[in-house]
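Student: Sharing a structure with you now.
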Amino acid sequence: MFQFAHPEYLLLLLALPLLAVGFGLAQAQKKKAIRTYGDWEVVRRLMPGLSRGRPVLKFVLVSLALGFLILAVARPRLPGKLEQVTRQGAEIILAVDVSRSMLAEDIRPNRLTRAKMAIEQMLKRLVNDRVGLIVFAGRPYVQVPVTADYSAAQMFLRSVSTSMVEQQGTDLGAAIELATKSFSGTERVQRALVIISDGEDHEAAAIEQASLAAEKGIIIHTIGMGLADSVPIPDGSGQGRFIQKPGGGTALTALNEQILMDVAQAGGGVYVQANNAQSGLELVHARINDMEKAEFEAKTLDYEELFAYFVGAALILLSLDFFVREKKSENSNFYKRWVERNTDTL
């Protein structure tokens, strides 16, 4: 199926209608200015090189070229064949907290968006490891099973939001338990679980589940998203409103580092606090890279990249624009005869 590797760039296509409106207004203003010199037909005869259609044609050519370039940047491609390859790496599951407290803006633009941005950067640096994605709040769900297809993981990551899990709260224990069951079970492969949360756990099973996971050889790292000071929780409407407590007053949230440090200690990993300067995933990724890697069989989907065709189409359109003059070409002898013939009447 035809798809785009970076569909977020397609939003730039929305600029094309705005450019068309601006061009139309500019043309109307230009025509209005010309009419100040007299009747349009008389002025048009005095300016035989003036063309109303050619500027429109040039604008259409440039606009289409820009559109094709935007499509090229979004990397259009067609899935190819599925290949079996041998890789040497580890298995990593990223468990992302999607409770409403992750909308807090003590880390810009907010905790969840910053976490997604950091994960996307991490996915771009992965080479041979397999990765999975779990989202959790009051309940956990597997968003992406363990896979070597980083593009698929990135695509599903972009859809992660606080509305994905109806049951609110933060159950770290349930997320760890589900992650433990979600690894492939391939022998000799090192496994790591990275939990990204603000630590507002409302259950008590997190430490126990972390210890059980460690006994199975799963290393658990935790990243605390947020700052120590309490901040209000946006309601997600984008209108500057905040979630209210049932008894009245604004609901507040603050990073609970202790539970995240305890989980990391029980899981044999490290705890890192994210802030506005760094996400913490860099340190965790370095720790994972230091793990002993094992060989495993993986299936990868090859893609046929199509962006070159779109770039080529854009270059052709720009070449056509270069050869289309904005004014009509004037034959000097014809122009002189026309002026002499109309001098008396003008």
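The values are calculated or read from the model by the stated rules, or taken from the named source; none is laboratory data. Fair warning: this is a prediction, and the values are worked out from it, not measured in the lab. Here the Cβ positions follow ideal geometry from the backbone for every residue, glycine too, while neighbour counts run over all protein chains shown.
Student: Applying the selection to region 205-218, what residues are of a type outside the set (Ser, Thr, Tyr) and either under 11 Å from Ile176 (Cα atoms) or out of contact with any strand residue (DSSP E or B) (no Cβ under 9 Å at 6 or more places or on another chain) (or both)?
Tutor: Scanning region 205-218 gives Ala205, Ala206, Ile207, Glu208, Gln209, Ala210, Leu212, Ala213, Ala214, Glu215, Ile218.
Student: Another question, then. Just wondering, is there one or more residues in region 111-128 that are of a type in the set (Ser, Thr, Tyr), closer than 20 Å to Ala274 by Cβ and in contact with a Lys or Arg (Cβ under 6 Å, 6 or more places away or on another chain)?
Tutor: No, because not a single residue in region 111-128 is of a type in the set (Ser, Thr, Tyr), closer than 20 Å to Ala274 by Cβ and in contact with a Lys or Arg (Cβ under 6 Å, 6 or more places away or on another chain).
Student: I'd like to check something: does region 61-79 contain any residue that is outside the structural domain of Ser151 (by TED's automatic domain parsing), modelled with pLDDT under 90, farther than 17 Å from Arg325 by Cα and over 21 Å from the mean Cα position of the chain (by Cα)?
Tutor: No; the residues of region 61-79 include none that is outside the structural domain of Ser151 (by TED's automatic domain parsing), modelled with pLDDT under 90, farther than 17 Å from Arg325 by Cα and over 21 Å from the mean Cα position of the chain (by Cα).
Residue-by-condition table, conditions (1) in contact (Cβ under 8 Å) with a residue 12 or more places away in the chain; (2) acidic (Asp, Glu); (3) surrounded by fewer than 20 Cβ atoms within 10 Å (Cβ to Cβ):
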{"residue": "Val73", "(1), (2), (3)": "yes, no, yes"}
{"residue": "Ala90", "(1), (2), (3)": "yes, no, no"}
{"residue": "Val96", "(1), (2), (3)": "yes, no, no"}
{"residue": "Glu105", "(1), (2), (3)": "yes, yes, yes"}
{"residue": "Ser151", "(1), (2), (3)": "yes, no, yes"}
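Student: Oh, and also: Which one of Tyr309, Tyr303 is in a strand (DSSP E or B) and more than 22 Å from Leu172 (Cβ to Cβ)? Even if it seems obvious, please write down each step before you answer.
Tutor: On the way: Tyr309 fails: in a strand (DSSP E or B).
Unique residue meeting the criteria: Tyr303.
Yes or no, residue by residue, for (1) among the hydrophobic types (A, V, I, L, M, F, W, C); (2) in contact with a strand residue (DSSP E or B) (Cβ under 6 Å, 6 or more places away or on another chain); (3) in a loop (DSSP other than H, G, I, E, B):
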| position | (1), (2), (3) |
| --- | --- |
| Leu227 | yes, no, yes |
| Gln239 | no, no, yes |
| Gly247 | no, no, yes |
| Leu255 | yes, yes, yes |
| Gln258 | no, no, no |
| Val272 | yes, yes, no |
| Gln278 | no, no, yes |
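Student: Specify the residue that is surrounded by the fewest Cβ atoms within 10 Å (Cβ to Cβ); the eligible residues are those in region 187-221 that are among the acidic types (Asp, Glu) and either within 29 Å of the chain's Cα centre (by Cα) or part of a helix (DSSP H, G or I) (or both).
Tutor: Glu215
Student: A follow-up question, please. Restricting to region 13-29, what's the tally of residues that are modelled with pLDDT under 90 and either outside the structural domain of Pro55 (by TED's automatic domain parsing) or surrounded by 12 or more Cβ atoms within 10 Å (Cβ to Cβ) (or both)?
Tutor: Number satisfying all stated conditions: 4.
Student: Kindly indicate which of Thr162, Thr180 is surrounded by 17 or more Cβ atoms within 10 Å (Cβ to Cβ) and either among the hydrophobic types (A, V, I, L, M, F, W, C) or within 12 Å of Phe136 (Cβ to Cβ) (or both).
Tutor: Thr162
Student: Something else: Going through Leu315, Leu283 one at a time, which residue ends up being over 30 Å from Ala210 (Cβ atoms), modelled with pLDDT of 80 or more and outside any loop (DSSP other than H, G, I, E, B)?
Tutor: One residue alone meets the criteria, Leu315.
Student: Right, another one. Check Ser163, Ser184 and return the single one that is assigned to a loop (DSSP other than H, G, I, E, B), within 21 Å of Gly89 (Cβ to Cβ) and of a type in the set (S, T, N, Q).
Tutor: Of Ser163, Ser184, the one residue that is assigned to a loop (DSSP other than H, G, I, E, B), within 21 Å of Gly89 (Cβ to Cβ) and of a type in the set (S, T, N, Q) is Ser184.
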